[in-house]
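Note sheet for the following structure.
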Amino acid sequence: MATNTNILISDNLETFSLVWLDINVNVIKENVTAQQELRSSINHIRTFETTEECEKYIRQSNQDRITFIVSDKFGQDIVPRIHDQPQITSIYVFCFNCSTHEQWTLKYRKVKNVSNQISDLISQIKGDRRRQKIEEPMPISVAERSSTEIDGGFLHYQLFLQILTQMDSIPSEKEELLELCRQTYYGNPSELRIIEEFEKDYHNDNALWWYTRESFVYRTLNKAFRTHNDNFLLLSRFLIRDIRDQLSREQLSLPIRVYRGQLMYPEELIVLQSSVGSLISMKSFLSTSMNREYTLFCLNSGTDSSMECVLFEIEADPRLTNVKPFADISFHSQFPDEKEVLFMAGCIFRLTNMRKENTINIIELTLVSDEDHDLKELFTHVKKEIGTKNNFFTLANLLLRSGKLDAAEKCARRHLKELPEGHRYVPLCYDILGGILNERGEYDEAIQTLQKALQIYQQTYPSTSPVIATIYNTIGAAYQGKGDLNGALDAYEKALNIDKQ
């Protein structure tokens, strides 16, 4: 068995991973050394010695982009079966007899190299990885409006970002984030050095520099946005907020046109084609360039011919009221010639047009003000339902309403642990935790937790307070869920009596 196959798929905090299938992958010293060298470009490496386990893992890893190394022993068997999996971006065949294997690989477009020199494969993989930013999935949310409703996910994500960046930080979050990253990059000395450097040198005025640096910061944050890793985003909110604030301070003053090159699958383009005229949101930070020619050059260097070349042309006017910030960050970037303009995560655009120029799909977007789009009234309505204050309770309530019970529970428990005894938010923590347990069907624990909240509320609010009535209703629902109708009736009657007063 391979030495690291016990690592869970969810442990990969980055988008790209490397899978290596070879019966000697962890036996021959040259292969083990190569794994260490490759981790400087692709941290998450999974090794396998059998095709069955390897293929199963690849098919389950649908959130990742996978670089695949396979030995000559297994290549002809597994490559035909996994080649068309969308998560596979490139394949490298490591063999002794190159001429034999070059023949059968000709019909597989994702096979980038056949070599008997591991150093050659390492060099090409590193070079290809540097060009793969355009292949990284672009997390787009479309605000689909039917005759009766608006896409709730679009609304909830906008509110999530708003609350996340405006609520107070907890001092332990940065330490907890870095500890998580140390665990993820264990055995990767180059990245661990960068984590130590971040811990020592990071401050709110160099957030943009850290984001543009080729390091764990950019890679983990973008993956978290794309996969809705709410726990990671909670720990990263100091960084997200600092980037937002720095973009705001350096906001451009005049309208601008910028460009973003992207490789996308045909089915993704079909969705966007049907959304012309609609609002879309970029869920992560959006990196663009003022240089159209440079963007097209990068786009044409893409490696996966199964994907479509897409050029986003974006019109952005900073003079709009209450628009999310964007700024020219060339000064902060390690690559100033790219003329990079970075947009805050969650920016909303109107998809105004799609057209084709030769082989390039052109998508035209216009930045929209948060105060001027179709969904303003709905945002206000949902915010009133979950709570108008930007605090942990509102965030946990939003996560609960979004069906993200685990993230909501982690949010509430983290704050409960941090709060001093007697703090006014303590009963709110018990309240939201009781609601989460109730949703899960853990009724006995829900009732116990809600009773804790009730006891504190009764010491704080008058007996006729709507707060008391509300929690009695929640307790009643928990009793009803467990089939205790007498307990439910008693709690509901207490709530009703308060409402009558």
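If the condition is being assigned to a loop (DSSP other than H, G, I, E, B) and small (G, A, S), then region 165-196 contributes S169, G187. Across region 36-70, the qualifying residues are those that are surrounded by fewer than 19 Cβ atoms within 10 Å (Cβ to Cβ) and polar (S, T, N, Q), and the one among them that is nearest to S123 (Cα to Cα) is S40. Can you tell me which residue in region 12-69 is farthest from F216 (Cα to Cα), limited to those that are aromatic (F, W, Y) and free of Cβ contacts under 8 Å to residues at least 60 places away in the same chain? Ranking the candidates gives F48 first. In region 201-255, of all residues being acidic (D, E) and more than 15 Å from Q162 (Cα to Cα), the one that is surrounded by the fewest Cβ atoms within 10 Å (Cβ to Cβ) corresponds to D201. Look at A453 and say whether it is within 23 Å of L177 (Cβ to Cβ) and surrounded by 22 or more Cβ atoms within 10 Å (Cβ to Cβ). For A453, the condition - within 23 Å of L177 (Cβ to Cβ) and surrounded by 22 or more Cβ atoms within 10 Å (Cβ to Cβ) - is not met.
Within region 413-437, the residues that satisfy the criterion of being in contact with an Asp or Glu (Cβ under 9 Å, 6 or more places away or on another chain) and not charged (D, E, K, R) are I432, L433, G434, I436, L437. Those residues that are buried (at least 18 other Cβ atoms within 10 Å of the Cβ), of a type outside the set (S, T, Y) and either in contact (Cβ under 8 Å) with a residue 60 or more places away in the chain or not assigned by TED's automatic domain parsing to the domain that holds R260 (or both), I need them from region 329-349; list them, please. If the condition is that a residue be buried (at least 18 other Cβ atoms within 10 Å of the Cβ), of a type outside the set (S, T, Y) and either in contact (Cβ under 8 Å) with a residue 60 or more places away in the chain or not assigned by TED's automatic domain parsing to the domain that holds R260 (or both), then I329, H332, E340, V341, L342, F343, M344, A345, G346, C347, I348, F349 are the ones that fit. For I170, the conditions (1) under 27 Å from F335 (Cβ atoms); (2) surrounded by 13 or more Cβ atoms within 10 Å (Cβ to Cβ); (3) of a type outside the set (F, W, Y) are fulfilled apart from (1).
Looking across region 71-118 at every residue that is without any contact (Cβ under 8 Å) to a residue 60 or more places away in the chain and charged (D, E, K, R), the one that is surrounded by the fewest Cβ atoms within 10 Å (Cβ to Cβ) is identified as K107. Counting only helices (runs of 4 or more DSSP H) that sit completely within region 392-451, those holding 2 or more residues that are in contact with a Cys (Cβ under 7 Å, 6 or more places away or on another chain) correspond to 392-401, 405-418.
Looking across region 320-354, the residues that are under 29 Å from G277 (Cα atoms) and hydroxyl-bearing (S, T, Y) come down to T321, T352.
The values are calculated or read from the model by the stated rules, or taken from the named source; none is laboratory data. This one's a predicted model, so the numbers in the text were calculated from it and none came from an experiment. Using ideal geometry, Cβ is built from the backbone for each residue, glycine included, and neighbour counts are taken over all protein chains shown.
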